[in-house]
Amino acid sequence: MPSTPFETVILTTALYAVLFIFLLMFSMVYRWVSIDSLRVRLGEVANQVAYEVAGLYVMCQRARSNVDLYKPISLPVSLSGHGYAMEFKQVDGVWFLVAYLEENRAINVSSPLWKDPGVDVTVETGDGVFQVGSHLVNYTGVLHSGVSDPVVWARRVDGAIVVGLGRLVNKGGG
């Protein structure tokens, strides 16, 4: 017995509804997987930068006199087309390097640096400039992806150590 037009419309609508639900589920799973992938890549970047900051801190700690150090770091311009930023945050006496997507700060990771060791180290979260040899280090509280010549830096001045993030600027307008 052939189907009536009404049955055909209902079955076609049900088929399209099932296909649409399948498409939505696939889209949600894809989004979750891509967010997890971005978190992993953000974590790799944050861990790399935190490692470099800790290394410069140790070098300043071992120095016997005043010293200004910086280390150029290699950062991806974007992660899967998404811009990101990094900054230092202190939570319950522990310093973290936090990396997050600029378009959605809820997608973030943090890499622990150290428990606040007291008066001999300060984490710079402001903006400014200092000179190292023939270069200027322009430091900032938030380091954005895509910035040219990113650096981590540490300074020891009269026994106090300051660490931070920034970018390298050639003296004389380079």
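The values are calculated or read from the model by the stated rules, or taken from the named source; none is laboratory data. Computed from a prediction, not measured in an experiment: that's the story for all the values here. Note that each Cβ is placed from the backbone with ideal geometry, even for glycine, and that neighbours are counted across all protein chains shown. Surface areas here come from the heavy atoms of the whole protein model, side chains and all, with no ligands, DNA or RNA. Shrake-Rupley method; radii C 1.70, N 1.55, O 1.52, S 1.80 Å.
For this structure, a couple of remarks:
- Dividing the radius of gyration of the alpha carbons in segment 33-108 by their Kirkwood radius gives 1.05 for Rg/Rh.
- Note on the chain: GNM, Cα springs under 10 Å; of V152, V129, V142, the largest mean-square fluctuation is that of V129.
- Candidates L143, L69, L23, ranked by Gaussian network fluctuation over the chain, Cα under 10 Å, top entry: L23
- For the chain, the relative contact order is 24 percent, taking Cα pairs closer than 8 Å that sit 6 or more residues apart in sequence and dividing their mean separation by the residue count.
- For segment 78-174, the alpha carbon positions stretch 38, 37, 15 Å along the principal axes, listed from largest to smallest.
- Kirkwood hydrodynamic radius over Cα pairs of the chain, then Stokes diffusion coefficient at 4 °C and 1.567 mPa s, in µm²/s: 68
- Centre-to-centre, using Cα atoms only, segment 1-22 and segment 48-66 are separated by 68 Å.
- Percentage, to the nearest whole number, of Cα pairs in segment 108-148 over 11 Å apart: 77
- Against the chain, whose longest principal axis is taken from its Cα atoms, helix 5-62 shows a tilt of about 10°.
- Per residue, the chain reaches -12500 deg cm²/dmol at 222 nm when only DSSP H runs of four or more residues are counted, each adding -39500 (n - 2.57).
- Segment 1-67 - Debye-derived log10 I(q)/I(0), Cα point model, q = 0.26 Å⁻¹: -1.02
- Accessible solvent surface per residue of segment 78-174, calculated while the other protein chains remain in place, 1.4 angstrom probe, Å²: 47
- Along the chain, longest interval not containing exposed trypsin sites (Lys or Arg not before Pro), exposed being DSSP loop plus at most 14 other Cβ atoms within 10 Å: 106-170
- Surface composition of the chain: carbon and sulfur atoms hold 60% of the protein heavy-atom accessible area at a 1.4 Å probe.
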